[in-house]
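Scroll down for the structure; my scribbles are underneath it.
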């Protein structure tokens, strides 16, 4: 499994406290600076991803808020139309009510005049004045007509009063409906104003997140450039070992800060990892073998790809060690790794019995060769596997004695 690079922001203080790469006096200092820069880069990348997630979430919230704002405005417009229609209905009802009242007043005045004439003149006087009857038969006929007219007038008056009551009730209902619609419209307008305020705040937040994203992107680019420069300086110092510029002990001290945290992840002793690096590449992070194996731990591109690593990571010293340790750990598990990888497993160096020797042979010649021939048979083939295993285990025993630099 790839070693997690996502460290805390506390690495920023460590990176600032370390000496500049150009002024570093040893490979160990450069390794420490590179680790701090890697941790800072990882933290910044995590912050960048978090910011991008926040931007995506805020954009989604802004879209939802825009939809809510459009819905609130549409509801306010609909309520405005309903208020206007209700006001028109209320005005028409008021006009009908006024006309009904006028008719009622006219009918009431007519009846009042007829009653007044009957009271003033009595039945005979009313008959003479109003009907002009000249005989009793005529009187009976006209009295019957008068009765019909009175009944009709009473019926009309009752209808008018009923209509007036209905129109008054309708007017009250329309007034109550108008009040409700006005209240709903006010609520819709208040909701639209609140949604607009929320949208404005989200837009301000989006601008802030965009600025933060740009700042983090610039930091990532700067850190990537610094890590690349540190890697070049580390490689320049590592090549001194192959040219005689560094002793074996100096190489061990230089590589220890790089491999120790990676080894802790896989349960591998730093001394064993440095022994493999010494035998495989001599500390040359840019080494490429005739078979195409790359970097400090000489991992082949096909092997890295099978484990799910980008081939480009093989050219990064730190990632190369991660990939190599992943493969070495797999070989140890394949050939019976059930306990700690102790130095006792390397005694005597190159033995044909321990699972450490089998795992190292598989690292060098491939697990298929170990499974096909067995460790003793593989040694007998003369491919140099036994010499490779003996050299790594001898270095492992020597490096173990040196302990922590």
Exercise. Hey, can you tell me all the residues within the stretch 180-207 that are under 18 Å from the mean Cα position of the chain (by Cα) and surrounded by 14 or more Cβ atoms within 10 Å (Cβ to Cβ)?
Key: 202, 205, 206
Practice problem: Output the residues belonging to the stretch 339-361 that are in contact (Cβ under 8 Å) with a residue 12 or more places away in the chain and within 44 Å of the chain's Cα centre (by Cα). | Solution: 340, 341, 359
Self-check item: Residues of the stretch 333-356 that turn out to be part of a helix (DSSP H, G or I) and surrounded by 23 or more Cβ atoms within 10 Å (Cβ to Cβ), as a count
Solution: 2
Quiz prompt | Set 98, 94, 81: member being at pLDDT 85 or above, under 30 Å from residue 179 (Cβ atoms), in the same structural domain as residue 174 (by TED's automatic domain parsing) and part of a helix (DSSP H, G or I) | solution = 81
Self-check item: Residue match in the stretch 47-64 (condition: surrounded by 13 or more Cβ atoms within 10 Å (Cβ to Cβ), touching a residue at least 24 places away in the same chain (Cβ under 8 Å) and more than 15 Å from the chain's Cα centre (by Cα))
Solution: no
Practice problem: Assess whether residue 346 counts as being assigned by TED's automatic domain parsing to the domain that holds residue 279 and farther than 21 Å from residue 298 by Cβ. | Solution: no
Exercise. Would you mind finding the one in 399, 373, 379 that is buried (at least 22 other Cβ atoms within 10 Å of the Cβ), out of contact with any strand residue (DSSP E or B) (no Cβ under 9 Å at 6 or more places or on another chain) and in a helix (DSSP H, G or I)?
Key: 399
Practice problem: State whether the residues of the stretch 216-234 include one that is closer than 27 Å to residue 36 by Cβ, buried (at least 19 other Cβ atoms within 10 Å of the Cβ) and at pLDDT 90 or above. | Solution: no
Practice problem: Test residue 252 against the criterion of being in a helix (DSSP H, G or I) and at pLDDT below 90, and give yes or no. | Solution: no
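The values are calculated or read from the model by the stated rules, or taken from the named source; none is laboratory data. Just so it is clear, the structure is predicted and the values come from calculations on it, not from any experiment. Counting neighbours? That spans all protein chains shown, and the Cβs are built from the backbone with ideal geometry, glycine included.
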